[in-house]
1. Quick one: putting +1 on the C-beta of Lys and Arg, -1 on the C-beta of Asp and Glu, what dipole do you get for the chain around its Cα centre, in Debye to the nearest 20?
2. So which aspartates and glutamates pass the test for K343, namely a Cα distance under 15 Å, with those fewer than 8 places away in the same chain ruled out?
3. Put a dot 7 Å past each Cα toward the Cβ at E238 and E334; how far apart are the dots in nm?
4. Hey, what's the per residue convex hull volume over the C-alpha atoms of segment 169-249, in cubic angstrom?
5. How are the C-alpha pair distances of segment 216-309 spread across 5 Å bins, as whole percents from the shortest bin up?
6. Distances longer than 15 Å among the Cα atoms of segment 86-160: what percent of all pairs is that?
7. Please arrange D284, D153 by counting, for each residue, the other beta carbons lying within 10 Å of its beta carbon, fewest first.
8. Could you pull out the pairs from K137/K379; K275/K379; K193/K228; K134/K228 whose alpha carbons sit more than 27 Å apart here?
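Every read-out reported here was derived from the displayed coordinates using simple, explicitly stated rules and does not represent laboratory data. None of these values were measured; they are calculated from a predicted model. So basically every Cβ, Gly included, is an ideal-geometry build from the backbone, and we count neighbours across all protein chains shown.
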Amino acid sequence: MMKHLVLVAILLAVIAAGCISDRSSPNDEQAFGSEVNIDSNIVKEGDLFPEKVEVEYSSRFSVEYYDSYKVVTVNQPWRGAEESLVYLLVQRGTSIPDGYEEATVFEIPVEGIVTISTTYLPHLEILGVTDHLKGHKDIRYVNSPYVLEMVEDGSVVEVGGADSINLEVIMDIDPDVVMTYATGNPAYDVHPKLEEVGLDVVINADYMEEHPLGRTEWVKFTSLFFNKEHEANLYFDEVVTEYEYISSLADQVEDKPTVFSGVSWQGTWYTPGGKSYAARLMEDAGASYLWSEDNSSGSMTLGFESVYDRSLDADYWIDTGIWSSLDEAKADDERYFDFVAAKSGNVYNNNRRVNEWGGNDYHESGIVHPEDILADMVKIFHPELLPEHEFVYYQQLAPLTGGTQN
């Protein structure tokens, strides 16, 4: 069980230029509208979508609005993908326009959704559409109390375990959309199997983003399928305001402590690339990430020795897998206590909110609360800036039994 949790934590860490235009339909005689309540199937002429989203931070999706439909593009849905994915969202009761034969078509607002990752669950709560959730893969890792209540009363069913997907259960649910991710690795990707049986699949590429606010902005992506742009805009604007305020505090600090991240697993050390959203969080929190010069936006795989040489004298060490104490670190490898950060106890992990099965809320609600993650990091690196802040997702590892090793 412990090895499985370590692998889950590592995989989450590894997995862990939007634009918009407002146009008239290219085929105006097919463009219809609805009443102001766009959840209704009553149709009139005109612009159906008075509230629109503008993509500001995300570089992975874009949307074009027409009178009665939206064209949503996911740019490079996984690393190495050579083509974008296009989704045609057509208001219920209106005609499907010509010219989008290669796009996957959805009638909106969608009425039933199945989610394959917990990172999408907070979107539904923010938009007020959690009641449309019909199934989720591996309920054990869910932290949302509301979703767990729905599981308890039978309105949400489990559609797979840690390493499997139950196609028959999903087909019985018959959702309007199955939202999942893609890595380009058949060992982890489920979307080909879903598509083979005729299910309508949407690829969410939020984990590819380089900015924490870019990841959060995918709540706007989800809103497009429910016609909930208004709710998405309100929420995102509030998060941006808070995030930028906290970042501005840290930006004024001249002394930026050095930090490294991750742990070694079976001889390989996984750490964020220098252009990843995790690296950006460290930068915005006023720290100097030791691999900031790296140009990759995903996770880097390094040897223990290369991390050892560079990180030996670093001030802080964060995101250490599933550890909650320095005793666990010592049990894994006593060489960890050659690091100055370990000797001084400056080791912090993002596992303050983990359920009994290892489901980490950092990878669930944390996706839509980068302002809280940033505040936690500022509290770590510059506690004087946020003296009243209490940790939400991070915690300091408990000291060694019998005292810190010198």
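1. Working: 25 positive and 72 negative charges, 217 e Å.
Computed charge dipole of the chain: roughly 1040 debye.
2. List returned: D313, D315, D327, E328, D333, E334.
3. The two pseudo-label positions are separated by 5.2 nm.
4. Numbers: hull volume 8.8 nm³, N = 81.
Spread over its residues, the Cα hull of segment 169-249 gives 109 Å³ apiece.
5. 3, 12, 17, 15, 15, 13, 11, 8, 4, 1, 0
6. On the way: 1640 of 2775 pairs.
Every Cα pair in segment 86-160 considered, those over 15 Å come to 59 percent.
7. On the way: D284 23, D153 8.
By the 10 Å Cβ count, ascending, the order reads D153, D284.
8. The answer is K137/K379; K193/K228.
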